[in-house]
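The values are calculated or read from the model by the stated rules, or taken from the named source; none is laboratory data. Fair warning: this is a prediction, and the values are worked out from it, not measured in the lab. Heads up, the Cβs are rebuilt from the backbone with ideal geometry, glycines too, and the neighbour counts pull from every protein chain shown. Note: areas computed on protein heavy atoms with side chains; ligands, DNA, RNA excluded. Shrake-Rupley method; radii C 1.70, N 1.55, O 1.52, S 1.80 Å.
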Amino acid sequence: MSSEALQSCLPLLERQIQAKGMVSIPSALKLWLSRVQPLFIDGKWRPGKTGKTFSTFNPATGEVLSEIALAEREDVTEAVQAARAAYQRGDWSRRSMRERAQVIHRLAELLLQHRPLLAVLESLDTGKPIRESFEGDILRAAHNFTFFAEYAAQEESLCFSNPSDLHFAIREPLGVVALITPWNLPLYLETWKLAPSLMMGNSCVLKPSELTPLTAVYFAELAEAAGVPAGVFNLIQGFGENSAGEFLVSDPGVDAISFTGETGTGRAIMKSASVGPTRVSFELGGKGASVVFADADFNLAVSETARAAFRNQGEICLACPRIFVEHSRYEEFVKTFVAKVQEIVVGDPLDYSTTMGALISPEHWNKVTGYLNRVDAPAKILTGGSRPSHLAHGAYLSPTVITGVGLNHPISREEVFGPVVSIYPFSEESEVCQAVNHTPYGLSASIWTSNMSRAHRIARELHSGLVWINCWFIRDLRVPFGGQKRSGVGREGGKHSLDFFSEWKSICVKMETP
């Protein structure tokens, strides 16, 4: 589907991005956006059966970016059936791990080659700064494919022998998997699921967020170019309840569901999946915290806790929007932190100097600012809390810092999912552990201290699936990833992803006896 004209704008975009100035949208990309983005089912591009479409908007301007074909129940059923037929046909599911890895590596290469276009599409669709898309998200997406292609091929085989019998175990694909992904890190989280699923030999039906559909469309073109067989990767578009998402997770032809998103949606999917019963993996909400002790590297702690709070407009499940600071350095930390936050440049996502873009939508802007409207004395907004004065249009919100808010306040307990940080003083280890755990979520936390004994002690006390010590957002894809409490069900990453997307089969061979 990609025209030569569209691909020809890659060098221009690369030059603009490398110049670290304003990135303009080439006419070929404008033409691509002006079309209705079709569904991709059984290796074919087509509109939805009803011909209905929906719009995706640029959150920085409020303007329509493109029209997207809406998948209805018949389209979803056709996608699941196409995936099942491809799985049974075996031109992917029966390939060797090495053969599948060759295609997966090719996909990684294509993502890197098309990185400028993908980064622009991602920033247009999400409102995030182009520097984050180009330097972070697209690179991480490509790395997901490279990692799982190599990791799966190197996995140790299971084989045990006795004098009279031999036992070995092999992995087999599940069949058809439904992948439902959120709007905050679209391509990155799509590939986080697609890479292990495809490496295990499954056929996939992807339903991205209706708010950020564009990079999924472009990825489908790359998957086709990389040689993924027809029906192995299918793309449907639509909404959740009473739409494509619900139709997909309730389809009896789906063998597994991997979902990343909001906790309430996870509950609804679990109910729909119970008709199977269908295997599920959920990475849900978070309300992370940073704990800063008096002996921490002060400047590093200030810099990294600000990054952990405001990267991607705070729209990251692993964000740490609560900061607990030991009492003796609390006042100094708050003053320095506020000054650091005021250096953040809020502006056009396609301007490379921008360090914070727009929130995902006006509706989400209203949700986030609704929390700020509930800040009453003695709590105080020290900076931010409103639209930047130089940005009259778009879903922009200044990075916001709050002190004096109680631990039972919704801002302290609920997932605001925006550029809103609350800071609290503490005196005792037991006090701060209880405060960090005083939320329904348990996904991530970071500890800042030069005392490693204390760091390890605190890490074990926090009810969190992931704890960083003197760092944030560093990942090794081999370790288990997931949350405790309402932050998720199951684990992803490394062996855990391979386990979810495959079935083990044990085979016993009776040996000849003399």
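Key figures for this structure:
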item	result
Filter result for SER27 (open to solvent by 70 Å² or more (accessible area, probe 1.4 Å), in contact with a helix residue (DSSP H, G or I) (Cβ under 9 Å, 6 or more places away or on another chain), within 25 Å of GLY227 (Cβ to Cβ) and hydroxyl-bearing (Ser, Thr, Tyr))	no
Tabulated pairs, the range 214-234, first among the acidic types (Asp, Glu), second open to solvent by 10 Å² or more (accessible area, probe 1.4 Å) and modelled with pLDDT under 95, C-beta under 9 angstrom, 6+ apart or interchain	GLU221/MET1; GLU221/SER2; GLU224/MET1
Residue count for the range 210-236, restricted to those that are open to solvent by less than 10 Å² (accessible area, probe 1.4 Å), over 15 Å from GLY90 (Cα atoms) and among the small types (Gly, Ala, Ser)	3
Single unsatisfied condition, ASP476 versus (1) in a loop (DSSP other than H, G, I, E, B); (2) more than 17 Å from the chain's Cα centre (by Cα)	(2)
Odd one out for PHE239, checked against (1) more than 27 Å from GLY442 (Cβ to Cβ); (2) open to solvent by 10 Å² or more (accessible area, probe 1.4 Å); (3) assigned to a helix (DSSP H, G or I)	(3)
Verdict on VAL80 being buried (at least 18 other Cβ atoms within 10 Å of the Cβ) and under 30 Å from SER250 (Cα atoms)	yes
Test: residue in the range 449-463 that is out of contact with any helix residue (DSSP H, G or I) (no Cβ under 8 Å at 6 or more places or on another chain), over 30 Å from LEU382 (Cα atoms), open to solvent by less than 10 Å² (accessible area, probe 1.4 Å) and not in a loop (DSSP other than H, G, I, E, B)	no
Which numbered condition THR439 misses (of (1) β-branched (Val, Ile, Thr); (2) touching a residue at least 40 places away in the same chain (Cβ under 8 Å); (3) in contact with a helix residue (DSSP H, G or I) (Cβ under 7 Å, 6 or more places away or on another chain); (4) within 19 Å of ALA306 (Cα to Cα))	(4)
All positions within the range 25-46 that are outside any helix (DSSP H, G or I) and touching a Ser or Thr at 6+ places or on another chain (Cβ under 8 Å)	ARG35, VAL36, GLN37
Tally, over the range 407-423, of residues that are touching a strand residue (DSSP E or B) at 6+ places or on another chain (Cβ under 9 Å), open to solvent by 10 Å² or more (accessible area, probe 1.4 Å) and over 19 Å from SER487 (Cβ atoms)	1
Flag for GLU132 being open to solvent by less than 40 Å² (accessible area, probe 1.4 Å) and at pLDDT 95 or above	yes
Filter pass, GLY314 being open to solvent by 10 Å² or more (accessible area, probe 1.4 Å) and under 14 Å from VAL416 (Cβ atoms)	no
Condition check for GLN102: at pLDDT below 95 and open to solvent by 60 Å² or more (accessible area, probe 1.4 Å)	no
Sole residue being open to solvent by less than 10 Å² (accessible area, probe 1.4 Å) and either over 30 Å from ARG15 (Cα atoms) or not β-branched (Val, Ile, Thr) (or both), chosen from LEU112, LEU65, LEU118	LEU118
Counted residues, the range 479-514 - those being part of a loop (DSSP other than H, G, I, E, B) and within 23 Å of PHE168 (Cβ to Cβ)	5
Matching residues in the range 247-281 - criterion: being closer than 14 Å to SER209 by Cβ, charged (D, E, K, R) and touching a helix residue (DSSP H, G or I) at 6+ places or on another chain (Cβ under 9 Å)	none
Residue in the range 158-178 that is closer than 29 Å to MET356 by Cα, open to solvent by 10 Å² or more (accessible area, probe 1.4 Å) and either out of contact with any Ser or Thr (no Cβ under 7 Å at 6 or more places or on another chain) or in contact (Cβ under 8 Å) with a residue 60 or more places away in the chain (or both) present	no
Those residues of the range 60-108 which are of a type in the set (Gly, Ala, Ser), in contact (Cβ under 8 Å) with a residue 40 or more places away in the chain and under 17 Å from PHE233 (Cβ atoms), in sequence order	ALA69, ALA71, ALA79, ALA82, ALA83, ALA85, ALA86, SER93, ALA101, ALA108
Members of the range 2-60 that are of a type outside the set (D, E, K, R) and at positive phi	GLY43, GLY51
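For (1) over 25 Å from the mean Cα position of the chain (by Cα); (2) farther than 18 Å from TYR330 by Cβ, each residue gets a yes or a no:
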residue	(1), (2)
LEU391	yes, yes
ALA395	no, yes
ILE402	yes, no
TYR424	yes, no
GLU431	yes, no
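A quick yes/no check of all residues on (1) of a type in the set (A, V, I, L, M); (2) closer than 28 Å to GLY127 by Cβ; (3) within 30 Å of the chain's Cα centre (by Cα); (4) at pLDDT below 95:
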residue: GLY286; (1), (2), (3), (4): no, yes, yes, no
residue: VAL291; (1), (2), (3), (4): yes, no, yes, no
residue: LEU300; (1), (2), (3), (4): yes, no, yes, no
residue: ALA306; (1), (2), (3), (4): yes, yes, yes, no
residue: GLU326; (1), (2), (3), (4): no, no, no, no
residue: GLU331; (1), (2), (3), (4): no, no, no, no
